[in-house]
Amino acid sequence: MKIDTSNTSPNFNERTLPITQLVLHYTGMESGQAALERLCDADAKVSAHYLVHEDGRIAQLVEEKKRAWHAGVGSWRGITDINSSSIGIEIVNGGHNFPNAGGLPPYPDAQINAVIALSKAILQRYDIQPWNVIGHSDLAPERKEDPGEHFPWSSLAAAGLGLWAEFELEPDERVLFELGDRDRGVSIIQQGLGQIGYDIAVTGQFEVKTKAVMIAFQRHWRPNNISGLIDIDCLQRVGALVRLLP
Ligand SMILES: [Zn+2]
């Protein structure tokens, strides 16, 4: 794996936590070059350890031992300073900001293969568990949409990366709960989402925060239907993932 270190970002400082998480992003910009320039611009105050271009080229912008500024405000598994605990990979993709005529712009195979190779190498260097391989939207569901429902988490899973369970081809998507509902069933799914890692309180009330977390969950684990509703399929998927946890 060839890694280009010719561009570096000044946007980093010292970690205060050990590395236990891997966070994947899309750049959400019109081009890889524009993203590279922004990530290396001192005024932008953002960065990532790596940038993966559409053709699979990998650039390292910040040393892994340093705290890159990619995650911002958020929480996963009780950790709120995610920049201190994670490696951040920015993947060049216009995402929701620059859709194609046909929808969200696909991630090319060459790019995903590079993300997989890079992620595998990172996971070998640190004690990063499968449930700590996440997207930006997982740690900040109310602020972020990346890497998006078009990101192929299943391809990463097929390569042995991340928390994943296989599900039925024709899922039962009958809706159980929607915004405003209050029910013990809402508590059950909130509890499961919290066990997976989301920052969510067990209130039994399907409020705006719970809906944002449901959307983040669906983007990652049920990408063909981002309804924000709690349906039978989502309940089953949350249950199946929780059973994979220690
Ligand atoms: Zn991001």
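Data overview
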read-out: Residues that are without any contact (Cβ under 8 Å) to a residue 12 or more places away in the chain, in a helix (DSSP H, G or I) and among the hydrophobic types (A, V, I, L, M, F, W, C), drawn from the range 144-198; value: A157, A158
read-out: Flag if E166 is more than 16 Å from the ligand (Cβ to nearest atom) and acidic (D, E); value: yes
read-out: Single condition I89 does not satisfy, out of (1) touching a Ser or Thr at 6+ places or on another chain (Cβ under 8 Å); (2) more than 16 Å from the ligand (Cβ to nearest atom); value: (2)
read-out: Candidate set: the range 92-132, residues that are farther than 22 Å from I58 by Cβ and either without any contact (Cβ under 8 Å) to a residue 24 or more places away in the chain or within 11 Å of the ligand (Cβ to nearest atom) (or both); chosen: the one surrounded by the fewest Cβ atoms within 10 Å (Cβ to Cβ); value: A101
read-out: Odd one out for A59 among (1) outside any strand (DSSP E or B); (2) over 16 Å from the mean Cα position of the chain (by Cα); value: (1)
read-out: Candidate set: the range 133-159, residues that are away from the ligand (no atom under 13 Å from the Cβ) and open to solvent by less than 10 Å² (accessible area, probe 1.4 Å); chosen: the one nearest to L22 (Cα to Cα); value: V133
read-out: Any hit, the range 28-42, residues being in a loop (DSSP other than H, G, I, E, B), under 15 Å from the mean Cα position of the chain (by Cα) and assigned by TED's automatic domain parsing to the domain that holds L123; value: yes
read-out: Test: residue in the range 213-220 that is of a type in the set (A, V, I, L, M, F, W, C), more than 19 Å from L245 (Cα to Cα), within 16 Å of the ligand (Cβ to nearest atom) and in a loop (DSSP other than H, G, I, E, B); value: no
read-out: Unique residue being modelled with pLDDT under 95 and either outside the structural domain of F98 (by TED's automatic domain parsing) or on the phi > 0 side of the Ramachandran plot (or both) when the list is L193, L235, L169, L229; value: L169
read-out: Options E64, E54; residue that is away from the ligand (no atom under 15 Å from the Cβ) and either of a type in the set (F, W, Y) or open to solvent by less than 50 Å² (accessible area, probe 1.4 Å) (or both); value: E64
read-out: Which numbered condition K211 misses (of (1) touching a residue at least 40 places away in the same chain (Cβ under 8 Å); (2) buried (at least 16 other Cβ atoms within 10 Å of the Cβ); (3) among the charged types (D, E, K, R)); value: (1)
read-out: Residue in the range 28-37 that is free of Cβ contacts under 8 Å to residues at least 40 places away in the same chain, within 23 Å of A110 (Cα to Cα), surrounded by fewer than 17 Cβ atoms within 10 Å (Cβ to Cβ) and within 16 Å of the ligand (Cβ to nearest atom) present; value: yes
read-out: Close pairs (6 angstrom Cβ cut-off, 6 or more residues apart or separate chains): under 14 Å from H70 (Cα atoms) in the range 8-25, more than 16 Å from the ligand (Cβ to nearest atom) and open to solvent by 70 Å² or more (accessible area, probe 1.4 Å) anywhere; value: none
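The values are calculated or read from the model by the stated rules, or taken from the named source; none is laboratory data. Since this is a predicted model, take the numbers as computed values, not measurements. When we count neighbours, we look across all protein chains shown, and the Cβ atoms used for this are built from the backbone with ideal geometry, even at glycine. Side chains are part of the model used for accessible areas, which takes the heavy atoms of the whole protein and leaves out ligands, DNA and RNA. Shrake-Rupley method; radii C 1.70, N 1.55, O 1.52, S 1.80 Å.
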